[in-house]
Amino acid sequence: MFFGNPSVDAFTKSKSLRRATKTTCDGNTLNRSAYWVPALYGANGQRIPYIEPLFYYKTGYHLPASSIQTPPENLRMIAGQAMPTALQSTQAVKFRCASWTSKQAWFDDGDPLDHIAHFPACKIGDLVEMRIVFPQCWDGKNLDSDDHQSHMAYPSEARPPITGKGACPASHPIAIPEISYNFAIYVTDETGPSTAWRLSSDMNPKLPAGHSAHAEWMNGWDNDIMRAIVENCLKPAFECSVGLLGDGTRLVSVIEE
């Protein structure tokens with residue numbers, strides 16, 4: 001499933017990405033970025049649509065906010081594994097039921113640390129929260145790599161509730177915003193039980209559903225706009241809210257047709 005730039009397909013390159021004349025992102029062509037995840041199917045084999053997904057650009061909890069830099073133009077990367085042989089780390093792939101109450105300490109009430117790496121058993125009427133988090137440490141040289149991952153790395157993690165105590169590895173010293181894709185899907189009679197859901201990439205019958213969660217991101221932001229977000233909002237650790245650039249301007253909201 002593709003989001004954002006409507007011209008994106010399997011053959012899109014950075015140069016063609018920036019030819020789009022419209023997108024489904026706030027700011028229109030100020031953000032021509034490409035967002036991709038595998039499709040989701042319910043117990044009956046029907047596709048479950050992703051309703052109002054959220055794509056976050058944050059400081060994250062692990063790195064000092066002041067260390068965040070503007071992502072380079074044409075950067076692209078993949079988070080997660082399409083063909084894992086074991087369950088993935090929740091550093092990249094996170095699932096939980098919205099009804100769960102975490103007993104662990106965490107950084108923020110909106111992000112409890114009780115996620116698992118596959119679809120949980122959530123009751124009818126509950127929400128399944130699915131999140132894919134991209135690595136935010138760049139090697140400072142390569143805009144891509146053969147596996148679309150080696151040029152990026154995850155930071156060492158801070159220990160809750162104190163944020164900003166982690167660091168990027170020496171091999172990947174440049175901190176960029178933490179990008180995450182966030183989906184909330186209701187469990188209904190029509191979707192069937194959440195443990196019977198499947199991602200289109202779930203091919204390993206020995207692993208539980210959701211094991212192959214992964215996502216791709218291609219940077220299509222206007223560089224001046226992304227720099228404004230980083231300098232005005234992220235580096236000073238301000239909550240600028242959706243679409244606001246921290247300087248009195250706002251990205252034009254998407255108008256649904």
### Query
So what's the back-of-envelope 222 nm ellipticity for the chain, counting only DSSP H runs of four-plus at -39500 (n - 2.57) apiece and dividing by all residues, rounded to 500?
-1000 deg cm²/dmol
### Message
Straight-line reach from K141: which lysines fall under 23 Å, measuring Cα to Cα and dropping same-chain residues less than 8 apart?
### Response
K13, K15, K58, K235
### Task
State the extension gain, in nm to one decimal, for the chain segment bounded by K141 and T85, taking 0.36 nm per residue of separation less the distance between their alpha-carbons.
17.1 nm
### Query
Do any cysteines in the chain lack another Cys Cβ under 4.7 Å, and if so which?
C25
### Positive-pole candidate from V242, A92, T21, dipole of the chain, charges at beta carbon
A92
### Message
With a 10 Å cut-off between alpha carbons and a GNM built on the chain, which of P64, P205, P173 moves the most?
### Response
P205
### Query
What residue among N31, N182, N44 has the largest mean-square fluctuation in a Gaussian network model of the chain, using Cα springs under 10 Å?
N44
### Query
Which one of I116, I179, I162 has the biggest mean-square fluctuation once the chain is modelled by GNM with Cα springs under 10 Å?
I162
### Query
If one computes the Cα centroid of the stretch 72-97 and of the stretch 1-37, what distance in Å separates the two points?
20
### Task
Would you work out the charge dipole size for the chain about its Cα centre, treating the Cβ of every Lys and Arg as +1 and the Cβ of every Asp and Glu as -1, and quote it to the nearest 20 debye?
380
### Message
Starting from 0.36 nm per residue, how many nanometres of slack lie between I51 and V252 once their C-alpha separation is accounted for?
### Response
70.3 nm
### Query
Which distance in Å, rounded to a whole number, links the C-alpha centroids of the stretch 117-160 and the stretch 233-249?
23
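Here, each number is a calculation from the coordinates, and none is a lab measurement. Nothing here was measured: the structure is a model prediction, and the numbers come from that model. No Cβ is skipped: glycine too gets one built from the backbone with ideal geometry, and neighbour counts run over all protein chains shown.
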